[in-house]
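The values are calculated or read from the model by the stated rules, or taken from the named source; none is laboratory data. Everything numeric in this text was worked out from a predicted model, so none of it was measured. Note that we place each Cβ from the backbone using ideal geometry, even for glycine, and neighbour counts take in every protein chain shown. When the accessible area is computed, the model is the full protein with side chains, heavy atoms only, and any ligands, DNA or RNA have been set aside. Shrake-Rupley method; radii C 1.70, N 1.55, O 1.52, S 1.80 Å.
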Amino acid sequence: MNAIQVISLTLLSVLVANAQVIKPGRCPRPAVQPEFDAARYLGTWYDIQRLPHTFQKGECSTATYSLKSPGVVGVLNRELLADGSISTISGSAMAKDPTEPAKLLVSFFENSPPAPYWVLSTDYDNYSLVYSCTDLGILHVEFAWIMSRQPTMPEETIEELHSTLSSIGVQVDKLITTNQDASYCSAMHQ
């Protein structure tokens, strides 16, 4: 067994134990939002559904985007944890290539590699579909978020976004619905 296989199997073991979505092969390269306008994307988005991952464990999740400097978007993620505390993390995102502005790289920790944040589809006012994938040698780990400007989203819109995700091989049956109930999430708005 070569070193890449050992590392891949080790990473797979860790990721599987932490409920990540790991698949064989390399990441797909889906089409992204044409002519993405980051300025229209700024503001707060509510997490409606997402693939499971270790870094987001709460409910009532939101992502707020702001302009930090030209070409750099500030990111503030918030969620309500089971113990009633609010967890926040801030970072920044920027397009690696200005000709593909919907393919952002997001970073939350200094000296850590940025992660892809690809806006596959958005109408800026109601929904956003985000996909991220990282190659791990012979495997890849993927992330997806369905987000809304409101704490709810029409079922027809969710189904359309599921169709987009399915078309690139995402297992939509693995998506987790985020609790955005107003009374349950009231602590997020204080």
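Quick check on segment 116-190: take the gyration tensor over C-alpha atoms, sort the square-rooted eigenvalues as a ≥ b ≥ c, and tell me if it's rounded (a/c under 1.5), prolate or oblate. The shape class here is prolate. Taking a straight Cα-Cα cut-off under 18 Å and skipping sequence neighbours fewer than 8 places away in the same chain, the aspartates and glutamates within cross-link reach of Lys174 are Asp47, Glu59, Glu142, Glu155, Glu159, Glu160.
Got a number for carbon plus sulfur as a percent of the chain's accessible area, 1.4 Å probe? The computed percentage sits at 57. Estimated purely from DSSP H runs of n ≥ 4, each contributing -39500 (n - 2.57), the mean residue ellipticity at 222 nm for the chain is -5000 deg cm²/dmol once divided by its residues. For Ala95, nonlocal amide neighbours, meaning residues 5 or more places apart or on other chains whose placed amide H falls under 5 Å from its own, are Leu105. Quick one: helix 3-17 against the long Cα principal axis of the chain, what's the angle to the nearest 10°, folded into 0 to 90? Long axis of 3-17 versus the principal axis of the chain: about 40 degrees. In terms of overall dimensions, the C-alpha atoms belonging to the chain reach 54, 42, 37 Å along their principal axes, ordered largest to smallest. Measuring between their Cα centroids, segment 82-127 and segment 148-187 lie 18 Å from each other. Using a Förster distance of 22 Å, how high is the FRET efficiency between His189 and Ser90, based on the Cβ-Cβ distance and rounded to 0.05? That pair, His189 with Ser90, gives E of 0.75.
Report the calculated FRET efficiency for Thr152 and Lys23 (r = Cβ-Cβ distance, R0 = 30 Å), to the nearest 0.05.
Numbers: r = 30 Å, r/R0 = 1.00.
Computed FRET efficiency for Thr152 and Lys23: 0.50.
The residues Val130, Val72, sorted by heavy-atom accessible surface at 1.4 Å with ligands and nucleic acids left out, run Val72, Val130 from largest to smallest.
Taking 27 Å as the straight-line reach from the Cα of Lys96, the lysines in range (excluding those fewer than 8 positions away in the same chain) are Lys23, Lys68.
Estimated from the Cβ-Cβ distance and a Förster radius of 25 angstrom, the FRET efficiency linking Glu35 and Asp135 is about 0.40.
Computed with a 1.4 Å probe on the full set of protein chains, the accessible area for Ser92 sits at about 40 Å². Helix 155-167 and the longest principal axis of the C-alpha atoms of the chain enclose an angle of approximately 20°. For segment 109-190, the list of GluC sites (Glu not before Pro) that fall in a loop by DSSP and count at most 11 other C-beta atoms within 10 angstrom reads Glu110.
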